[in-house]
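The values are calculated or read from the model by the stated rules, or taken from the named source; none is laboratory data. Remember, predicted model here, so these are calculated numbers, not experimental data. As a convention, Cβ positions derive from the backbone with ideal geometry for all residues, glycine included, and neighbour counts pool all protein chains shown.
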């Protein structure tokens, strides 16, 4: 009987796999035979492996640990057998998602999407700058901090919000993070709201009609969290009225149906959930998995364990 580590890459991860019994299941490769699944003790599902990569956990009777390559694990829990430890990919998606969040802000504020949709039209108009805006980051964790670091050169005023208030080290010194309960007073004071909270029972639908109504006229909502954090009907109503603009990397439902009004309403920019899917992902994912395998070989606890809800 072997203790098999099932990985999504045929790579020795700079020697981290030395001495381990490794099997490989790539994004588009065939599922390993049941004889292999029977002995898997540590599983790293392929990032683009789809539902079949998740369902395979139910055919791994000796599975003890799952190292997933997602930052948010809300959709993963139904596939985690009782007694199996789940570890997320904290830090892996910071770079890609933070880049996209800033890109969405810039593209929508400077109307780059409008220009692209009207080829041949010379729309020589003044556009809002990101500079001098007040930007609220809702979810000031690892990715939220990465977004703030990338905003440091854009001459913006950053407002940080997390579940609880605290003081943290920022790009230029100690900064204050507001508690989520302060949102009703903060929302009317900001020009851009960036959502980067995990999807939990507490955050599902938190951006509802009341939340949106407190945002100032002309404000921009950027969602790089999860689609279900936002009440889509309430958001559509605000956008249709012309009062708010949105830049969304995630939607509810997802994919957004082709006939949904958000596709055609003015003031809307949508990207197809590509926040973590860039060339920055794989090298960071491999570094994380290599470090975890080194801990595994040494009999040490793995980082980033997530508690079952």
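In region 173-190, the residues that are under 18 Å from residue 221 (Cβ atoms) form Cβ pairs under 8 Å with partners that are exposed (fewer than 12 other Cβ atoms within 10 Å of the Cβ), at six or more places apart or across chains, as follows: 180/164.
Residues in region 275-283 include none that are more than 30 Å from residue 87 (Cβ to Cβ), in contact with a helix residue (DSSP H, G or I) (Cβ under 6 Å, 6 or more places away or on another chain) and assigned to a loop (DSSP other than H, G, I, E, B).
Restricting 199, 195 to residues that are farther than 21 Å from residue 117 by Cβ and modelled with pLDDT under 95 narrows the list to 199. Residues in region 208-233 that are surrounded by fewer than 18 Cβ atoms within 10 Å (Cβ to Cβ) and either touching a helix residue (DSSP H, G or I) at 6+ places or on another chain (Cβ under 9 Å) or modelled with pLDDT under 95 (or both): 208, 209, 210, 213, 214, 216, 233. Highlighted here are the strands (runs of 3 or more DSSP E) found entirely within region 1-114 that include at least 2 residues which are touching a residue at least 40 places away in the same chain (Cβ under 8 Å) and in contact with a strand residue (DSSP E or B) (Cβ under 9 Å, 6 or more places away or on another chain): 4-7, 65-67, 85-87. Scanning region 218-228 for residues that are part of a helix (DSSP H, G or I) and under 12 Å from the mean Cα position of the chain (by Cα) gives a single hit, 227.
Counting only residues that are in contact (Cβ under 8 Å) with a residue 60 or more places away in the chain and in a loop (DSSP other than H, G, I, E, B), region 284-303 holds 2 of them.
For residues that are in a helix (DSSP H, G or I) and within 20 Å of residue 105 (Cα to Cα), scanning just region 229-262, find the one that is farthest from the chain's Cα centre (by Cα).
The first filter runs over region 229-262 and keeps only residues in a helix (DSSP H, G or I), leaving 229, 232-240, 261-262.
Remaining after also requiring within 20 Å of residue 105 (Cα to Cα): 229, 232, 235-236, 238-240, 262.
Numbers: 229: 12, 232: 18, 235: 20, 236: 22, 238: 24, 239: 23, 240: 26, 262: 21 Å.
The residue in question is 240.
Which count do you get for residues in region 133-169 that are out of contact with any strand residue (DSSP E or B) (no Cβ under 8 Å at 6 or more places or on another chain) and either surrounded by fewer than 16 Cβ atoms within 10 Å (Cβ to Cβ) or outside any loop (DSSP other than H, G, I, E, B) (or both)? Number satisfying all stated conditions: 8.
Looking only at region 170-184, count how many residues are touching a helix residue (DSSP H, G or I) at 6+ places or on another chain (Cβ under 8 Å) and not in a helix (DSSP H, G or I).
As a first pass, look at region 170-184 and keep what is touching a helix residue (DSSP H, G or I) at 6+ places or on another chain (Cβ under 8 Å): 170-171, 178, 183-184.
After this cut, where a residue has to be not in a helix (DSSP H, G or I) as well, the list is 170-171, 178.
Qualifying residue count, region 170-184: 3.
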